[in-house]
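Below: one structure, written as C-alpha cells.
The values are calculated or read from the model by the stated rules, or taken from the named source; none is laboratory data. Computed from a predicted model, the values in this text were never measured in an experiment. With ideal geometry, Cβ positions are generated from the backbone for all residues, glycine too; neighbour counts draw on all protein chains shown.
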Amino acid sequence: MFSIPTKLNLAKAAVFKDTPAYVQFYITARCNLTCEQCNIIYANADVRECSLYEINKMADNFAKMGVAIILLTGGEPFARKDLPDIIKAFESRGVHVRMQTNGLASEEQIVKCIESGGRDISISLDSLQPQNQDKINGQFKDSWHKALKSISLFTKHLPQKGSFASLGCVLAKSNLDEVKDVIKFGTKISWFTSLVPIHVSNYAHPRGFRTFDQKMKFENCHFDKIDNLIEDIRKMRKQGYLLYDSDQYLDDIKRFTKGLETSWRSKNDNVCDSPNLYFAVLPNGHFQPCCDFRIKNSYPTFAEDFPKKYKEKSFRDEVFETTSACDGCMYGSYPEITISLRYMSAKIQRAKTFFSAPPKKNNWPLSYEELVDISQDILNSNAKEN
C-alpha cells in the first residue's frame, strides 16, 4: 500500500522522532451530517478554506519536511469540489493520502478521487442497525444505506492491489452491543475496522472536536461492559478478524472511558508527540497541535518559511505549552502513531498489518444489495445464538 518514499519517511520518523509522520488536514468545516459526538464543524466554522494554490504550496513544504501520510478530513472532505486536485497535490509529491468520509459521496466524486491517487479510504460505520446509525449521524435519514452504497462503489473502483479500506466506528453508549458486528461486517468485505471512543468536554473547558453533551459520558454501569467488549475484540483479532487498532490502544480505551490516565504517552513524559510526529492543519491551512487545541500565534503551513519555523525552538516551546497541559485523548491516529513508533510490540503488530500479505479482496466488487445481505446475515446469526 505504501510507496517506497512513504516507507522511508515512516522509518525516519521511527528512528529520529522529530519528523512529522502524519498530518491531519481538516480541509473544510462543511459537512452534510451533524453527528451527535462531533463538534468539529462548529469549532472550525470561523476559518476560511485555503485555496488550491495554497494547498500546492503546503504540499511542497510537507514533501520537504518528510511528511509520510496526510489524512484529508473535515467536516466532510467530499464537500470540496476540488478534492481530486487536493489529493493529486500531495500524491504527486510522494505524500500518501488517506481520505476520511461519512460515505455520502456520489460515484462520480469517488471515481475522480481514486483516479487522482486516493487509494486509502476510511468510511464511518457505527452500527449494522440503520436506525441507530441514522441517530448517531444526527437523525440523518438513510445515512446507513447511503454509507453502504458508497462502500459498494469503493469496492467497485478501488484497485484490489495497493489499496486500503477501513471502517471508522465510534464507541458510544448507544452502540456498545453492535461494535463486534461492525468488525464482523468489515472482515466479511475485506475492510479493517478502527475504533474511537466518545470524547466529552464542557463549556468551561471547550475542546475543538469533543461534544458538550454530558449525557454521552460513559458511566460506572458501562465500564465492565467495555472491558469485556475490548477483551472479546482482542480475541477476534487472533481469530483472523480485521482490526486496525493495536492491543495497547485497545487497553487505553478501557482506561480512557473510565476517566483514568492513558499509558500511550508514558514514554514521552505524559505528553503527546505533537508536533514531532504529527500535527493538525485547519481549513485555512494554519498549523495547530491537534483537533482540540489552538495555539496563540498563526503559522500558515503553506508559507515558504514554515519548514524552517517548524524546527525553531520558540515554535516547539509554544506548542509544548499547550500539549503539556492536555490530559490526553484517544482519537485513534495520534495515539496509534506514538504507540507504533515508541513501543516494539505495537511496531511489530502494525508491520504485520501494513507490510504482510493484505486481506484478499476476491469478493470485490460488492453490490449494495450484497452488503445489506451480509449485514442481515450477521444480525440473524446473533439472533440464533441468543
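Structural remarks
- Tally of residues being touching a Phe, Trp or Tyr at 6+ places or on another chain (Cβ under 8 Å) and within 19 Å of LEU125 (Cβ to Cβ) across region 75-97: 1
- Check on GLY103, in a strand (DSSP E or B) and under 30 Å from LYS217 (Cβ atoms): no
- Flag for SER143 being hydroxyl-bearing (Ser, Thr, Tyr), touching a Leu at 6+ places or on another chain (Cβ under 9 Å) and surrounded by fewer than 20 Cβ atoms within 10 Å (Cβ to Cβ): no
- Extreme residue, nearest to LYS217 (Cα to Cα), among residues of region 149-185 that are β-branched (Val, Ile, Thr) and part of a helix (DSSP H, G or I): VAL179
- Filtering region 16-31 to residues that are assigned to a loop (DSSP other than H, G, I, E, B) and among the aliphatic types (A, V, I, L, M) leaves ALA21, ILE27, ALA29.
- Members of region 223-252 found to be more than 19 Å from CYS329 (Cα to Cα) and surrounded by fewer than 17 Cβ atoms within 10 Å (Cβ to Cβ), listed by number: ASP224, LYS225, ASN228, GLU231, ASP232, ARG234, LYS235, LYS238, GLN239, GLY240
- Condition check for ASP126: touching a helix residue (DSSP H, G or I) at 6+ places or on another chain (Cβ under 8 Å) and either in a helix (DSSP H, G or I) or buried (at least 18 other Cβ atoms within 10 Å of the Cβ) (or both): yes
- Test for ILE121: is it at pLDDT 95 or above and not aromatic (Phe, Trp, Tyr): yes
- GLY103 vs. criteria modelled with pLDDT under 95, of a type outside the set (D, E, K, R), buried (at least 22 other Cβ atoms within 10 Å of the Cβ) and under 22 Å from MET1 (Cα atoms): yes
- Of VAL67, VAL97, all but one fail to be touching a residue at least 12 places away in the same chain (Cβ under 8 Å), part of a loop (DSSP other than H, G, I, E, B), within 15 Å of SER3 (Cα to Cα) and among the β-branched types (Val, Ile, Thr); the exception is VAL67.
- Pairing residues of region 114-137 that are touching a residue at least 60 places away in the same chain (Cβ under 8 Å) and under 14 Å from LEU176 (Cα atoms) with residues that are among the charged types (D, E, K, R) and in a helix (DSSP H, G or I), at Cβ distances under 8 Å and at least 6 apart in sequence or on separate chains, gives LEU128/ASP181.
- Residues in region 32-59 that are over 21 Å from PRO197 (Cα atoms), assigned to a loop (DSSP other than H, G, I, E, B), touching a residue at least 24 places away in the same chain (Cβ under 8 Å) and hydrophobic (A, V, I, L, M, F, W, C): VAL47, CYS50.
- Answer residue from region 335-351, given it is of a type outside the set (Gly, Ala, Ser) and over 14 Å from LYS17 (Cβ atoms) and is surrounded by the most Cβ atoms within 10 Å (Cβ to Cβ) among those: PRO335
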